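Structure record follows, encoded as structure tokens.
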Amino acid sequence: MMIELTSTPIIIMVILGIAGMIIPVINVVRKERGSSTFYGLIAFGALLLSLGYVIYRFYTDSVADAAIFSSDVLVDDGFGSFFAIAMLIVSIMVVAGSFNYMRKRSNPAIYFSLILLSSIGMVLIAFSTDLVMLFVAWELMSIPTYILAGYNKKDPSSNEAAIKYFLFGALSSGIIIYGISLAYGITGSTNIGDVIYGFSNLSPDMLPLGLLAIGMFIAGFGFKMGLVPFHMWLPDTYEGAPTPITALLAAGTKKAGFAAALRVVIMGAAALNLDWTLALGVIAIMTMTIGNVAAIMQKNLTRMLAYSSIGHAGYILIGISLAPFSGLGLQASLFHILNHAVMKGAAFIAVAGIVTTLAVTHIDKIKGLGRKMPITAFGLVISLLALAGVPPLNGFWSKLMLFGSAIDATSVVWWAPWLAIAGVLNSALSLAYYGWIIRKMYFEGETEKRVKEPASIVGVMIFSVIFMVTIGVYPEPIIQFVEMITPSISTAMP
Amino acid sequence: MAYDFFGIPVSEINVWLIWILPFAAAMIIPAVGKFSKLSTGRVAVAFAAMSAISAATLFPMALEAHEIHHQIMWIDAIGLKAGVLADPLSIIMANVVGWISFLIICYSTGYMKGDKDITRFWFWMMFFIGSMQLIILSDNLLQVFFGWEGVGLASYALISFWYHDKKKDHVGQEGRSALGIMEYFSPTHAGMKAFIMTKVGDVMMLSGMLLLFMFAGTFGFRELVADTAWAVEMSAQGLLVPAFILLFGGAMGKSAQFPLNEWLLEAMTGPTAVSALIHAATMVKAGVFLVARIGPIVFALAAAGILADQFFEIIAWVGAITALLLATQGMVNPEIKKVLAYSTGSQIGYMMMALGVAGLSQQYVDGYTAGFFHLISHAMFKASLFMAAGSLLHAVGSRFMTDMGGLKKQMKKTYAFMWAAGLGLMGAPFITTGFWSKDAIFAAVYESDSSWGLPLFLIAVLTAVITAFYTTRMIGMVFFGKNSKHIEKMESEGHHIHEAPKSMWIPYGILAVLTIGIGLIGLSAEEGIHHLFGEYLEHSFGIHVSHYGGEDSVLPGFLSGLNPVALGASLVAFATGFGLGYIFYIRRWVDPVKFVNSNIFFYSMHKLFLNRWYLNAFVYWGFVVAPLWMARGIWRYFERTAIDTGMNIGFEKAVGWSARVVQGTQTGVSQSYLYIFGAGLLFIVLILLL
């Protein structure tokens, strides 16, 4: 049975696919060199249209309830819609933030086209219910970003970023394929539902193979999520890649990693046994601690934010590792995924604005930025405070839910409160370097003159500040949304 | 007729608008100020008017004892709702605050003309009004607390508005000190003092709120009444009265009640329009309003057999002590604004006394009405007096009454209006609102069944004598006698004293006329409110009202329904106070300075009052000087050794070291990265398999 033609993934694929193909064609056909803004606007429009379609489908109740399984390769459910919304918002922010960045650079058509193609991949991952489909979407998302990371081809650090990223991407793709083949070998199917059903009825002597497959998936997806110890490529790549692309990697593809992990790992592992939760808990603590500790000594803004995003992967993992024990866990993780997409996206776009205007990323060079670029600096401050979890911003609520879920699960697993303690300590630690940036921008430096801020980046800043403050003051609608689309693990088990 | 707007009836939207509009104005004003500073005032006036009109449209509903309660979900995870509650209490209060604020805003356009920081001024004024309306219209304590803190913040910003601390903006006499504590304050110091002292109350209020929430699981006023299981539980654990007294602590701070009264005097460093707003509409009335909000909830518990008499006793006594304490100090102070400030604290004490006594008597509604009616009449005449005082300050350029004198010919309008409003404060019989409301308080105190009734009544009457005296003194010193040396010097330098501009005298004129106008029909106005609140209390709280008083009156027709003892006491108090003032300050038959110095008793009393009963000095010694000593000791002997050298350096070293270790792994060499990746994979597989 084929999936309906009007379903969300299909339509998004069509919209973004056509836009993504047509941009390079226009570029070839037009005689004069096209302006970057024109291509950017096409991409922007296509993404906005897709976002509108997802929301429309969701609000007309055309999508299924959060389903984990389906006999198809794609499922049109609330869970996928949630990730689609988060990732499309990020793509829109990245495209808007790139208008000014790409103005004086070569090949803008290809650049925007690649972002669109990568977005298709991200969205499809969220809707996949078949391992092969998932893998195809994964590659569709990854390959354009390899190119985008190396987009400044004359810049050695951009090249290095792309090479490292590609090396690890290839390795992890191989590992994922290995996991898929193991799963197929054991259960005879690539449909995620069938695989998990097979896992839960596994004969004991096959159990280690099943666990091996899960381990492969954790490692393979963990590369995108930036989990320690699969994070090594991440700071180098984020630093070297064009800054808007860093935003795409940190806020977008990283979330796709979580989407894939949620589709496969949680359910699969739950079917085998629950020991894996401890493994994820250990990884969560390692990830957040190493990310934050390393961030403290960084002198480069992009690199600092890169480490901070490693730290945040750790927070998100708290909820995931506790998913079987606390109903709040998975909701909290999803909420934080959405929040982090916007917060980190905004922070990187702000840095992209600084790079575009002043061509600096060193922390000593941003002294007095509060006067030089007031709107960008303000947007950066709000996103940093939101990342640190300062109320009344959106980050506060999702962190509260995350740590709350850890407290909640205390009666079930003994190590749960340690996750909350580690999370709180790390949040406090993270304020040290966020505060450092804020101090440099506002309390140091002589009286600088104001410079002209890129209009599109100002737009992104205004949108994200409104988003962060509104959700911070009135989180209820998003929390309800998250509750609605969170699959319940106990009922979803086959 | 119900018009709808997105499914919400217009009247409900109106309730929200009352407090949202001033906030909206505060947000717009800085943007407007970029283009035209003059327009900021117009925006403020327009928004204040719209907010007041929104409040006025609800008035008919209040008269029918009808209410609007509209809620939206705020944070579902912990069951918090945001909402507005427009019942007769809050509608009347919102109108008083809305309209008086509007008049003060109009007045400010004249008073603050030409100030270069005018945008900041309007921003905070509107923020102030919005916060106050939020307190009034909220349907739950948490939301009240948001407004509460907003009011505190705005008062801090406005009291220290002239933050350059110029000499003319200080209060107190330079060089004066009591017990070694300077009695001379700069605007920034005063703002800080107000902020910190009210914060003491705020912390108490917050803990009381949370205590209630712990048992009741809700902050909502209506929810607290609907189900009283929480009260049974709390009173069983002996926490009911403490929780409500903690809540009252917040009211003590905001309303400057003893012992948190000292900030109010220094709050006079702000522009006079701010003082008027603080004293008449937006700040000190918040405390009274809070007591009026929670009082019936506590009283209604009596029906469930839970008595909380101590709560009401404490309110009544705090009010009585404050009333007397501050009135005595008002008699001797030479600064006109400070006299008015003392008088505010003292009058608020009256309101608290009435609200407290209400809970001790069978007829809750009597004291409740009296306190609230006094709040309304006080708001009118005190706003008028403050604005008039601002005109005087403008004209004379000095805050001391000794620098004024003989102004009745030069400033005829201000003279007339100040008499009218001043008579209200004195409680001049039969023609002023102040008389009726004060008389109602006397009656409520006298008729209460409490054993404290008599002492409270005597304090109230004594305070009334003093009030009439210091008000007469103020008017006498300012308008009668000869021009002071200061004025003569000004005149000789060519600065002629002239009447305030129209934008200034019209607002306080209106309020002064209202004080007399409503005073003429005062008795029926009071009965109206009495009736309204009677129904309100019965309907919303189930507090039963048995009679409407005074069937067996011995008084002539138009006074029927009044308590003869209270009425007599009012008349005697007014006559005594006014008579003494007349002798000393208007006719000036006796020189007050000579009189005080003639007798060791009067001399020491005068000194005690002038030094504020040494309370301010105690506060500073106990809570400023002593903690500073302690802090220095801790800093020297503990912080510099244990924390600075031990912890700080140690912690910094540890973090730096671990960061370097982590960075050390980040070699930039892909081979080592891949090696770690592989090791990680192995680690995970091992964990899973073992």
State all residues of region B:70-79 that are in contact (Cβ under 8 Å) with a residue 24 or more places away in the chain and surrounded by fewer than 16 Cβ atoms within 10 Å (Cβ to Cβ); if no residue qualifies, say none. B:Q71, B:G79
Would you check if B:H66 is surrounded by fewer than 23 Cβ atoms within 10 Å (Cβ to Cβ), in contact with a Phe, Trp or Tyr (Cβ under 8 Å, 6 or more places away or on another chain) and either over 21 Å from A:V473 (Cβ atoms) or not small (G, A, S) (or both)? no
Of the residues in region B:18-31, those that are in contact (Cβ under 8 Å) with a residue 12 or more places away in the chain and of a type in the set (A, V, I, L, M) come to B:I18, B:I20, B:L21, B:A24, B:A25, B:A26, B:I28, B:I29
Between B:A679, B:A631, B:A626, which is within 10 Å of chain A (Cβ to nearest Cβ) and modelled with pLDDT of 85 or more? B:A679
Exclusive hit being touching a helix residue (DSSP H, G or I) at 6+ places or on another chain (Cβ under 9 Å) and at pLDDT below 90, set A:F443, A:F463: A:F443
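Would you mind stating whether A:L117 is surrounded by fewer than 24 Cβ atoms within 10 Å (Cβ to Cβ), farther than 20 Å from A:V351 by Cα and at pLDDT 90 or above? Break it down stepwise before answering.
Values: surrounded by fewer than 24 Cβ atoms within 10 Å (Cβ to Cβ): yes; farther than 20 Å from A:V351 by Cα: yes; at pLDDT 90 or above: yes.
The answer is yes for A:L117.
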Residue list for region B:661-676, restricted to those being within 7 Å of another protein chain (Cβ to nearest Cβ), assigned to a helix (DSSP H, G or I) and over 26 Å from A:S321 (Cα atoms): B:Q663, B:S670
Identify all residues within region A:216-234 that are under 15 Å from the mean Cα position of the chain (by Cα) and either surrounded by fewer than 24 Cβ atoms within 10 Å (Cβ to Cβ) or on the phi < 0 side of the Ramachandran plot (or both); write none if there are none. A:F221, A:G222, A:F223, A:K224, A:M225, A:L227, A:H231, A:L234
In region B:639-656, is there at least one residue being in a helix (DSSP H, G or I), of a type in the set (A, V, I, L, M, F, W, C), within 13 Å of chain A (Cβ to nearest Cβ) and within 21 Å of A:V282 (Cα to Cα)? yes
Flag if A:A313 is assigned to a helix (DSSP H, G or I), farther than 22 Å from A:F403 by Cα and either within 12 Å of another protein chain (Cβ to nearest Cβ) or hydrophobic (A, V, I, L, M, F, W, C) (or both): no
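Among the residues of region A:177-210, what is the count of those that are within 12 Å of chain B (Cβ to nearest Cβ) and either in contact with a His (Cβ under 8 Å, 6 or more places away or on another chain) or in contact (Cβ under 8 Å) with a residue 12 or more places away in the chain (or both)?
Qualifying residue count, region A:177-210: 6.
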What is the number of the single condition among (1) within 14 Å of another protein chain (Cβ to nearest Cβ); (2) farther than 22 Å from B:I676 by Cβ; (3) hydroxyl-bearing (S, T, Y) that A:S158 does not meet? (1)
Show the residue pairs that are 6+ apart or on different chains and have beta-carbon atoms under 8 Å apart, the first residue being within region A:293-305 and within 7 Å of chain B (Cβ to nearest Cβ) and without any contact (Cβ under 8 Å) to a residue 12 or more places away in the chain, the second being among the charged types (D, E, K, R) and not in a loop (DSSP other than H, G, I, E, B). A:M297/B:R660
Go through region B:210-229 and report how many residues are among the aromatic types (F, W, Y) and over 20 Å from B:V291 (Cβ atoms). 1
Give region B:341-365 a look and list any residue that's surrounded by fewer than 24 Cβ atoms within 10 Å (Cβ to Cβ) and out of contact with any Gly (no Cβ under 9 Å at 6 or more places or on another chain), or say none. B:Q362
So B:F574 fits all but one of (1) without any contact (Cβ under 8 Å) to a residue 60 or more places away in the chain; (2) more than 14 Å from chain A (Cβ to nearest Cβ); what number is the exception? (1)
Given (1) over 34 Å from the mean Cα position of the chain (by Cα); (2) more than 9 Å from chain A (Cβ to nearest Cβ), B:L689 misses just (2)
Inspect region B:173-181 for any residue being buried (at least 20 other Cβ atoms within 10 Å of the Cβ) and touching a residue at least 40 places away in the same chain (Cβ under 8 Å) and give the result as yes or no. no
I'd like the full set of residues that are of a type in the set (F, W, Y) and within 17 Å of B:Y350 (Cα to Cα), limited to region B:399-448. B:F435, B:W436, B:F442, B:Y446
Do we find a residue being touching a residue at least 40 places away in the same chain (Cβ under 8 Å), part of a helix (DSSP H, G or I) and away from chain B (no Cβ under 14 Å) anywhere in region A:211-219? no
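Which residue, of B:A65, B:A82, B:A86, is touching a residue at least 60 places away in the same chain (Cβ under 8 Å) and either within 14 Å of another protein chain (Cβ to nearest Cβ) or out of contact with any helix residue (DSSP H, G or I) (no Cβ under 9 Å at 6 or more places or on another chain) (or both)?
Result: B:A82 is the single residue among B:A65, B:A82, B:A86 that is touching a residue at least 60 places away in the same chain (Cβ under 8 Å) and either within 14 Å of another protein chain (Cβ to nearest Cβ) or out of contact with any helix residue (DSSP H, G or I) (no Cβ under 9 Å at 6 or more places or on another chain) (or both).
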Tally the residues that are outside any helix (DSSP H, G or I) and either touching a Lys or Arg at 6+ places or on another chain (Cβ under 9 Å) or surrounded by fewer than 24 Cβ atoms within 10 Å (Cβ to Cβ) (or both), restricting the search to region B:262-303. 3
For B:G509, which of the numbered conditions (1) over 21 Å from B:W436 (Cβ atoms); (2) modelled with pLDDT under 90 fails to hold? (2)
A:S200 - would you say it is polar (S, T, N, Q) and modelled with pLDDT of 90 or more? no
Assuming A:R439 fulfils every condition listed in (1) among the basic types (K, R); (2) free of Cβ contacts under 8 Å to residues at least 24 places away in the same chain; (3) surrounded by 13 or more Cβ atoms within 10 Å (Cβ to Cβ) apart from one, which condition is it? (3)
Considering B:L393, B:L456, which residue is assigned to a helix (DSSP H, G or I) and more than 19 Å from B:G319 (Cβ to Cβ)? B:L393
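The values are calculated or read from the model by the stated rules, or taken from the named source; none is laboratory data. Model, not experiment: these values are computed from the prediction. Cβ coordinates were reconstructed from backbone atoms using ideal geometry, including for glycine residues, and neighbour counts include every protein chain displayed.
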